[in-house]
Structures are given as C-alpha cells and as structure tokens.
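**Student:** Let me begin by handing over the structure; questions about it come next.
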Amino acid sequence: MTALEIGAEPMTVNRLVELARSGGPYRLADDAIDRIVAGRRVVDELLRSETPVYGLNTGVGSQKAYPVEAADVGQYNRRLVRAHATRLPGPELRPEVVRGVLLLLLQQFATGHAGVSPELAELVARHASSTELPRIDAAGSVGASDLVPLSQLATWLFDRPDAAGVPQAKDALAFINSNAVSLASGAFRLADLALVMDLFDIAATTTFEGFRANLGAIGEPVNAVHHRGHQRSVAERLRAMLDGSLLWEAGQARLLQDPLSFRNVTQIHGALRESSDRVVTVWNEELNSVAVNPIVHDGEPTFSSHGNMDTTRITLAVDSCRQAVAKAADVSGERIHKLQWPNFSGLPVGLAGEESPAGGVQFLNLGHIAASLITSVKIWAQPHLLHSVGQVADGVEDTASHALHAVHDLERQLTACLTVVATEIAVAVWAIDRRGLTPSDLGAVPRRVFETVRPHLPIGTEGDAVFDVASVVSVLPDLADAAAAITTSDAGHNRGGTAPEGTRT
C-alpha cells in the first residue's frame with residue numbers, strides 16, 4: 001500500500017481529517033527529512049557549544065535556571081514527559097483525533113524549526129498508522145500548549161519497542177510544547193460544523209413548507225441590496241432546496257410577513273457561515289505554524305525563545321463561532337414552537353389531528369426537549385478567552401487562552417444541534433402531514449425530507465409507544481448528502497427571483 005506523504009504540502013482542516021481517517025500508512029516527504037536533518041544539525045552544534053538553551057540543556061518553565069548535564073539529557077527528556085503525563089478521570093480523545101495529533105506534530109516537525117531528531121520524526125510517522133492507539137485524556141490543557149495530553153501521547157510513543165535512541169535532547173519539549181491536541185480536535189469539529197450548518201438550512205426549508213411561509217424574505221430582490229456574501233449564498237441555497245414548491249405560487253403563503261425566526265434565516269445562517277470561514281482560515285494557518293519553544297533557525301547555530309504557543313486567535317475564532325451556532329439553534333427552537341402554536345400555524349395545538357386532550361407532537365414534549373437542548377447550546381456558547389488561568393508554574397505562565405475548552409464546547413454544541421435540527425425536521429414533517437400536503441407540493445429537498453422522515457414519526461398514534469428522536473437523527477447525514485446533490489445540480493431550479501406576497505391571516 002502506497003504511504004501517504006506528510007510535509008510536502010501545506011496542511012488544511014480537510015486534509016488533516018482525511019489523512020487521519022484513512023489510517024495510513026504515512027511517510028515523511030524527502031525534502032521534509034532534509035529540513036529535519038538540517039534543524040537537528042543546529043541543535044547538535046548548540047549542544048556542543050554548551051550555550052544555555054531553554055529546554056535543550058536546561059530545565060523548563062520555572063525550573064529553566066537549572067542546567068541539564070549532557071550525560072543526563074536522554075533520561076531528563078523521559079522524565080519530563082512522564083512528569084507531565086498525569087492521568088485524570090473523564091472523557092478521552094477519539095482514536096481518529098489521536099492519529100490526527102500525531103500527523104499534525106509530524107507536519108510541524110517537517111519544517112525543521114522544531115529541531116527534533118530524525119529518529120523521533122520517523123517514529124511518529126511509523127506509529128501514526130497504528131491500529132492500537134493509546135488512551136489520551138481530553139482535558140488538562142489551559143491553552144498554552146496541550147502539555148498533559150501530549151505528554152501522555154509522548155510517554156506511549158517513547159515506550160514503543162522500536163523507540164531505541166528516542167528521546168534525544170529537545171525531543172520531549174518539541175513534542176509536548178504544541179497545541180496539536182486543540183488543533184486536531186478542532187479540525188474534526190469543523191468537519192462536524194459543516195454538516196450541522198447544512199442541516200440547519202434543510203430544517204428551515206422543511207419548516208417553511210410546514211408553516212406555509214412567505215418566501216419573499218429569501219428572494220433575490222432582498223439580497224440585491226446588501227453586500228453580505230454569505231447571506232446571499234444561503235438564500236441561493238434555500239431557493240434551490242425549494243425548487244418546485246407550491247410556495248412560489250401566488251396565494252400559497254399564509255401570512256403577509258412571517259415571524260423573525262423565519263424572515264431572518266438567511267441573515268443568521270449567513271453569519272454562522274461567515275464565522276465558520278474565519279475559524280477554518282485560522283485553523284489552516286495554525287496547522288502549518290510552529291509553536292515549539294524555542295525554535296531553531298535554518299543553517300544558523302542560534303535559537304529564539306517566543307510565545308507562539310499562545311492560542312488567543314484560536315480561541316477568539318471559536319468563541320465567535322460558538323455564539324453563531326447558538327443563535328442558529330435559538331431560532332430553530334422558535335420555529336419549532338411557532339409550528340405548534342395555533343395563532344401562528346393555523347393548525348390545532350401541538351399539530352394534533354383533531355381538537356382533543358391527547359395527540360399532537362407527542363403531547364407537545366418535543367418543544368420541551370428542544371428548549372432544554374438549546375439552553376445547553378447557549379451555555380456552551382459562553383466565551384472562554386478572558387477566563388482567568390491564575391498563576392501557574394510559579395507565576396511564569398500567567399496567561400492562557402483555553403483553546404481546548406473552546407473546542408470541547410463546540411463539540412458539545414454540535415452534538416446537541418443534531419437533535420435540535422432533527423426535532424425541527426420532525427415537527428415540520430408533522431405539520432406538512434397535518435395540512436394534507438403531498439410530496440409533489442413540496443420543494444426538492446423538503447420532498448426528500450418528508451419521504452424519508454415521515455415513516456419514522458408516530459403521526460396519529462401519539463402516546464401509543466415511546467418515540468425515539470434518534471431514528472430521525474440517524475438519517476440526517478443522508479439527507480445532507482441528498483440536499484448537496486440537489487443544490488449543486490444545474491437542472492433548472494426555480495430560484496424564485498421574486499416570490500409572491502402572502503395573504504394576511
């Protein structure tokens with residue numbers, strides 16, 4: 001099997017996720033090996049000169065004033081990672097994320113600026129494709145290098161049977177003085193975010209059908225008067241999803257003007273996509289940056305201490321994105337309630353088949369479930385950048401930016417949002433069914449949603465058995481794939497340049 005090459009081209013979010021999920025095998029590019037050897041030559045020269053270099057022949061952090069004798073360098077490096085590898089109870093990184101961490105470290109080593117030994121780089125390349133990756137804690141980082149989880153990974157790696165001669169001087173610090181856990185974890189979460197953003201669009205268009213919404217708010221005239229590129233692209237996407245819908249015909253919209261949670265979909269979803277683009281840009285830059293302190297310079301027996309491990313811009317980007325996710329979830333919840341509210345929907349309370357004390361959307365409890373989850377999503381949207389880290393490492397590390405906390409809360413949000421959008425879709429399909437609409441009445445994507453989801457819903461048998469929203473969640477990826485195929489097709493979409501006004505009810 002041909003090995004996948006690392007270090008020959010820039011790393012991106014998509015490439016890292018794809019490489020990690022492939023399982024390898026991996027190899028360093030030839031020019032990457034040359035850079036590593038050149039960087040290591042500088043380290044060896046500094047060692048011979050006995051120039052004090054942070055973490056090379058000295059302690060680290062608040063112990064940087066203590067020298068490390070040349071004869072003790074290897075043992076000191078082993079003790080350094082074991083001392084930082086303290087285990088703690090709680091969640092652990094998924095194996096694919098652990099593999100992503102190893103690949104990202106390899107990408108950073110390939111620059112040559114980390115000064116690692118070629119033996120360490122080759123060891124990482126070999127074991128990145130291991131089928132038995134270690135258990136690594138998903139906590140313990142304050143966002144100024146992921147010291148604890150990376151030390152756990154380094155301890156495992158240095159104990160491999162083929163790790164002879166590793167670690168050498170600087171290997172341990174170069175391995176753990178990185179934000180690779182935050183960045184690799186974040187890359188996978190950004191892949192999840194792309195799916196969730198598509199699902200928010202799908203849920204909204206299905207709700208438009210169930211509510212009989214006024215499509216004027218997503219028409220081209222609305223988008224011709226502003227310079228919001230992402231809002232414009234979302235509106236175009238929604239119009240493609242609704243291709244063929246009766247809602248484009250005069251008199252189909254029920255209200256002259258819908259509630260804001262309907263009218264503001266393109267504005268809010270567009271802002272989320274704009275924020276997502278910013279996070280991806282930051283990630284793609286950071287995936288190719290070197291956080292290791294100190295760095296060595298090309299061909300020069302010098303080094304520089306620095307603060308490149310700071311995660312302010314990483315956390316700032318994720319903080320903003322998590323707030324945008326929470327806003328999209330919030331209006332999804334509002335639409336869920338409006339669909340069940342007779343004064344807005346024009347249907348019986350809870351979308352019951354008839355006025356009775358029983359029936360409807362499982363006696364209205366789906367609204368409660370959504371509200372609970374959205375509350376959690378909002379809690380997880382709180383910014384982390386300015387949370388105080390206190391004075392750690394005897395006051396040497398007096399600021400940090402909590403990148404891993406921000407990434408973990410994004411993961412929690414996205415997991416909850418899958419259930420939120422599944423709930424909105426379920427309620428919207430309920431409303432479509434109660435209105436007596438047929439699949440041919442619906443737009444291209446809502447039609448596919450209705451046909452897929454309707455068999456999973458206990459419409460007309462509410463309360464006879466327990467309903468499991470997981471059955472709807474399970475079909476969401478397939479719905480997203482179908483929607484992508486429809487919205488990228490060139491087949492004559494009615495993109496609704498001008499939508500007819502609705503009638504006031």
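The values are calculated or read from the model by the stated rules, or taken from the named source; none is laboratory data. Because the structure is predicted, anything quoted here is derived from the model rather than measured. Cβ atoms come from the backbone with ideal geometry, glycine included; neighbour counts cover every protein chain shown. Ligands, DNA and RNA are excluded from the accessible area calculation, which covers all protein heavy atoms including side chains. Shrake-Rupley method; radii C 1.70, N 1.55, O 1.52, S 1.80 Å.
**Student:** Determine if segment 133-147 includes at least one residue that is among the hydroxyl-bearing types (Ser, Thr, Tyr), farther than 21 Å from Gly74 by Cα and either touching a strand residue (DSSP E or B) at 6+ places or on another chain (Cβ under 8 Å) or part of a loop (DSSP other than H, G, I, E, B) (or both).
**Tutor:** yes
**Student:** Residues of segment 189-244 being among the acidic types (Asp, Glu) and farther than 18 Å from Gln413 by Cα, which ones?
**Tutor:** Listed by number, the residues that qualify are Glu209, Glu220, Glu236, Asp243.
**Student:** Kindly indicate whether His227 is under 23 Å from His337 (Cβ atoms) and out of contact with any Lys or Arg (no Cβ under 7 Å at 6 or more places or on another chain).
**Tutor:** no
**Student:** Among the listed residues Glu18, Glu45, Glu5, identify the single one that is over 25 Å from Gln168 (Cα atoms), modelled with pLDDT of 90 or more and open to solvent by 10 Å² or more (accessible area, probe 1.4 Å).
**Tutor:** Working: Glu45 fails: over 25 Å from Gln168 (Cα atoms); Glu5 fails: over 25 Å from Gln168 (Cα atoms).
The unique qualifying residue is Glu18.
**Student:** Right, next: Of a type in the set (Val, Ile, Thr), surrounded by fewer than 19 Cβ atoms within 10 Å (Cβ to Cβ) and in contact (Cβ under 8 Å) with a residue 24 or more places away in the chain: does that describe Val389?
**Tutor:** Spelling it out, Val389 is indeed of a type in the set (Val, Ile, Thr), surrounded by fewer than 19 Cβ atoms within 10 Å (Cβ to Cβ) and in contact (Cβ under 8 Å) with a residue 24 or more places away in the chain.
**Student:** Look through Glu18, Glu92 and report the one residue that is within 27 Å of Pro134 (Cβ to Cβ) and in contact with a strand residue (DSSP E or B) (Cβ under 8 Å, 6 or more places away or on another chain). Step through it out loud before you land on a result.
**Tutor:** Numbers: Glu18 fails: in contact with a strand residue (DSSP E or B) (Cβ under 8 Å, 6 or more places away or on another chain).
Sole residue among the options that is within 27 Å of Pro134 (Cβ to Cβ) and in contact with a strand residue (DSSP E or B) (Cβ under 8 Å, 6 or more places away or on another chain): Glu92.
**Student:** While we're here: For segment 84-98, which positions are in contact (Cβ under 8 Å) with a residue 12 or more places away in the chain and either of a type outside the set (D, E, K, R) or part of a loop (DSSP other than H, G, I, E, B) (or both)? Steps first, answer last, please.
**Tutor:** Step one: of segment 84-98, the residues in contact (Cβ under 8 Å) with a residue 12 or more places away in the chain are 84-88, 90-98.
Across segment 84-98, the qualifying residues are His84, Ala85, Thr86, Arg87, Leu88, Gly90, Pro91, Leu93, Arg94, Pro95, Val97, Val98.
**Student:** Let me confirm something: among Ala144, Ala163, which residue is open to solvent by less than 10 Å² (accessible area, probe 1.4 Å) and of a type in the set (Gly, Ala, Ser)? Lay out the reasoning, then the answer.
**Tutor:** Working: Ala144 fails: open to solvent by less than 10 Å² (accessible area, probe 1.4 Å).
Of Ala144, Ala163, the one residue that is open to solvent by less than 10 Å² (accessible area, probe 1.4 Å) and of a type in the set (Gly, Ala, Ser) is Ala163.
**Student:** For Thr58, only one of the following conditions fails: (1) without any contact (Cβ under 8 Å) to a residue 12 or more places away in the chain; (2) open to solvent by 60 Å² or more (accessible area, probe 1.4 Å). What is its number?
**Tutor:** Single failed check for Thr58: (2).
**Student:** Just wondering, is there one or more residues in segment 371-385 that are surrounded by fewer than 24 Cβ atoms within 10 Å (Cβ to Cβ), touching a residue at least 60 places away in the same chain (Cβ under 8 Å) and among the hydrophobic types (A, V, I, L, M, F, W, C)?
**Tutor:** The answer is yes; a qualifying residue exists.
**Student:** Could you list all residues from segment 99-125 that are open to solvent by 10 Å² or more (accessible area, probe 1.4 Å) and in contact (Cβ under 8 Å) with a residue 60 or more places away in the chain?
**Tutor:** Once the filter is applied, which keeps residues that are open to solvent by 10 Å² or more (accessible area, probe 1.4 Å) and in contact (Cβ under 8 Å) with a residue 60 or more places away in the chain, segment 99-125 yields Arg99, Gln107, Thr111, His113, Pro118, Glu122.
**Student:** Between a first residue in segment 209-222 that is more than 13 Å from Gln257 (Cβ to Cβ) and a second residue that is open to solvent by less than 30 Å² (accessible area, probe 1.4 Å) and assigned to a loop (DSSP other than H, G, I, E, B), which pairs have beta carbons less than 7 Å apart while being 6 or more apart in sequence or on different chains?
**Tutor:** Glu209/Ser245; Glu209/Leu442; Glu209/Gly443; Arg212/Ala253; Gly219/Gly496; Gly219/Ala499
**Student:** Given the condition more than 24 Å from the chain's Cα centre (by Cα) and either closer than 25 Å to Met11 by Cβ or in a loop (DSSP other than H, G, I, E, B) (or both), answer yes or no: does some residue in segment 193-212 qualify? Please lay out each step first, then the result.
**Tutor:** Within segment 193-212, the first condition is being more than 24 Å from the chain's Cα centre (by Cα), and the residues that meet it are 206-212.
Now narrow it down to the ones that are either closer than 25 Å to Met11 by Cβ or in a loop (DSSP other than H, G, I, E, B) (or both): 212.
Yes: segment 193-212 contains one or more residues that are more than 24 Å from the chain's Cα centre (by Cα) and either closer than 25 Å to Met11 by Cβ or in a loop (DSSP other than H, G, I, E, B) (or both).
**Student:** Keeping to segment 260-273, report how many residues are among the small types (Gly, Ala, Ser) and open to solvent by less than 20 Å² (accessible area, probe 1.4 Å).
**Tutor:** 2
**Student:** Further question: How many residues, within segment 274-316, are open to solvent by 50 Å² or more (accessible area, probe 1.4 Å) and in a loop (DSSP other than H, G, I, E, B)?
**Tutor:** Residues that pass the stated criteria total 5.
**Student:** Show the residue pairs that are 6+ apart or on different chains and have beta-carbon atoms under 6 Å apart, the first residue being within segment 223-237 and under 7 Å from Gly270 (Cβ atoms), the second being in a loop (DSSP other than H, G, I, E, B) and open to solvent by 70 Å² or more (accessible area, probe 1.4 Å).
**Tutor:** Close Cβ pairs (under 6 Å, with a partner that is in a loop (DSSP other than H, G, I, E, B) and open to solvent by 70 Å² or more (accessible area, probe 1.4 Å)) do not exist here.
**Student:** Only residues that are open to solvent by 60 Å² or more (accessible area, probe 1.4 Å) and under 27 Å from Leu133 (Cα atoms): list them for segment 23-37, please.
**Tutor:** Result: Arg27, Asp30.
**Student:** Also, I was wondering about something else. Restricting to segment 149-173, count the residues that are over 17 Å from Val98 (Cα atoms) and assigned to a loop (DSSP other than H, G, I, E, B).
**Tutor:** 10
**Student:** Quick one: how many residues across segment 218-273 are modelled with pLDDT under 95, assigned to a helix (DSSP H, G or I) and of a type in the set (A, V, I, L, M, F, W, C)?
**Tutor:** 1
**Student:** Is it true that some residue in segment 206-228 is surrounded by 24 or more Cβ atoms within 10 Å (Cβ to Cβ) and under 23 Å from Val280 (Cβ atoms)?
**Tutor:** no
**Student:** Of all residues in segment 61-77 being open to solvent by less than 30 Å² (accessible area, probe 1.4 Å) and under 36 Å from the mean Cα position of the chain (by Cα), which is farthest from Pro294 (Cα to Cα)?
**Tutor:** Asn77
**Student:** So, in segment 397-454, of the ones that are outside any helix (DSSP H, G or I) and of a type in the set (D, E, K, R), which residue ends up surrounded by the fewest Cβ atoms within 10 Å (Cβ to Cβ)?
**Tutor:** Going residue by residue through segment 397-454, those that are outside any helix (DSSP H, G or I) are 397-402, 435-438, 442-443.
Imposing the further condition that a residue be of a type in the set (D, E, K, R) reduces the set to 397-398, 435.
On the way: Glu397: 18, Asp398: 13, Arg435: 16.
If we take residues in segment 397-454 being outside any helix (DSSP H, G or I) and of a type in the set (D, E, K, R), then Asp398 is surrounded by the fewest Cβ atoms within 10 Å (Cβ to Cβ).
**Student:** Hey, Arg40 hits all of (1) of a type in the set (D, E, K, R); (2) open to solvent by 50 Å² or more (accessible area, probe 1.4 Å); (3) more than 31 Å from the chain's Cα centre (by Cα) but one; which does it fall short on?
**Tutor:** Only one criterion in (1) of a type in the set (D, E, K, R); (2) open to solvent by 50 Å² or more (accessible area, probe 1.4 Å); (3) more than 31 Å from the chain's Cα centre (by Cα) is unmet by Arg40, namely (2).
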